[in-house]
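Have a look at the structure below, then the notes.
Where a number appears in this text, it was derived from the coordinates with a stated rule and is not lab data. Note that the structure is a prediction, hence the values are computed from the model and not measured. Heads up, the Cβs are rebuilt from the backbone with ideal geometry, glycines too, and the neighbour counts pull from every protein chain shown.
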Amino acid sequence: MTRVLILNGSPRKKGNTFFLIQELSKFIFEEGHEAEILHLNDYDIKPCQGCFWCYKDYPLKCIQNDVMNGLYPSVLDSDVIVFASPIYWFNYSAQLKLFIDRLVALHVPGGHSLAGHKFACIFIYGDSSAESSGVYTAIDSINHMIRYFGGENLGVVHGTGGDKLTISGKPDVIKELKDLAEKIISV
Ligand SMILES: Cc1cc2nc3c(=O)[nH]c(=O)nc-3n(C[C@H](O)[C@H](O)[C@H](O)COP(=O)(O)O)c2cc1C
C-alpha cells in the first residue's frame, strides 16, 4: 500500500488546485491506497529562523515548537509527497514555501531523511500560457530541491485555472493527473 502525503498550498478549498487534489486522492483511495491532505493555509507555520539548531544533534524537529513538529511524522511516514500549489508571482505559493523551508529540520548526518523519497507536483496558474505563467520556475525550484534530497520526481501536472473553477472542464489535464496517479500508486 502506498501512503501519499498531499500538501495543498492553495488557500481556496473550492479552487482549481484543490479540485485536482480531490481527483487524485479519490483515485488513490479507490485503488486501495492511502492519501493524507494537509491544507497548509489552515496551519500557523512559522518561517524557518535559519538557526541550524536542527543540525546539532539531528533531532528531526525544530526548536520553534509550532505545528510543524506534529507534521514531520506525516512527511517521514509517507512514500510519496505531492506538492500542489497555485502559481503566485511566478512561483509556488508562500504557504508551500513556509512548509518547504521547515524541511531543513529533517537533515540527518551526511544527508537528508528524504533521500530516495518520491515526489510529484500539481501546479495551477491564471495565465493561458504555461511559458509566461511562471510554472517552469516553480518546477525548476522543486526539481533542485528533489535533486538535493537525492529523491525522484515522478511527474508534474499543470494547467490554467483562474479565479473560477475551470480545470474540471479540461479532460487533457485530468487524463495527465490519472496517469500521474497510476505512477504514484505503483511506487
Ligand atoms: C497573489 C496572486 C499571484 C498570482 N500570480 C500569478 C502568476 O504569477 N502567474 C499566473 O499565471 N497566475 C497567477 N495568479 C493566478 C492564480 O495562479 C490562479 O488564479 C490559480 O487558479 C489559483 O489557484 P486556485 O484556483 O487553486 O486558487 C496569481 C494569483 C494570486 C492571487
| request: Work out from phi, with θ = phi - 60° and the Karplus expression 6.51 cos²θ - 1.76 cosθ + 1.60, the ³J(HN,Hα) of each residue of the stretch 159-173, listed in order in whole Hz, and give x for Gly and Pro. | output: x, 7, x, x, 6, 8, 7, 10, 5, 5, x, 10, x, 5, 5
| query | So which chymotrypsin sites (Phe, Trp or Tyr not before Pro) in the stretch 10-85 end up in coil per DSSP with only 13 or fewer other C-beta atoms within 10 Å? | reply | PHE52
| Helix 135-149: angle to the longest alpha-carbon principal axis of the chain, degrees 0 to 90, nearest 10? | 30 degrees
| query | Along each of its three principal axes, how wide is the spread of alpha-carbon positions in the stretch 1-59, in whole angstrom units, largest first? | reply | 43, 29, 12
| message | Can you pull out the trypsin sites (Lys or Arg not before Pro) in the stretch 112-179 whose DSSP state is coil and whose Cβ has at most 14 other Cβ atoms within 10 Å? | response | LYS164
| message | I'd like the distance separating the alpha-carbon centroids of the stretch 149-187 and the stretch 11-25, in whole Å. | response | 11 Å
| task | Using only the Cα atoms, work out Rg/Rh for the chain, with Rh taken as the Kirkwood radius, to two decimals. | result | 0.96
| message | For the chain, take the longest principal axis of its alpha carbons; what is the angle in degrees between that and the long axis of helix 16-30, to the nearest 10 within 0 to 90? | response | 80 degrees
| message | At R0 = 22 Å, how high is the FRET efficiency between LYS13 and TYR43 if r is their beta carbon distance? Nearest 0.05 is fine. | response | 0.95
| Working out 0.36 nm times the residue gap between ASN143 and ARG3, then minus their Cα-Cα distance, what length gain in nm do you get to one decimal? | 48.3 nm
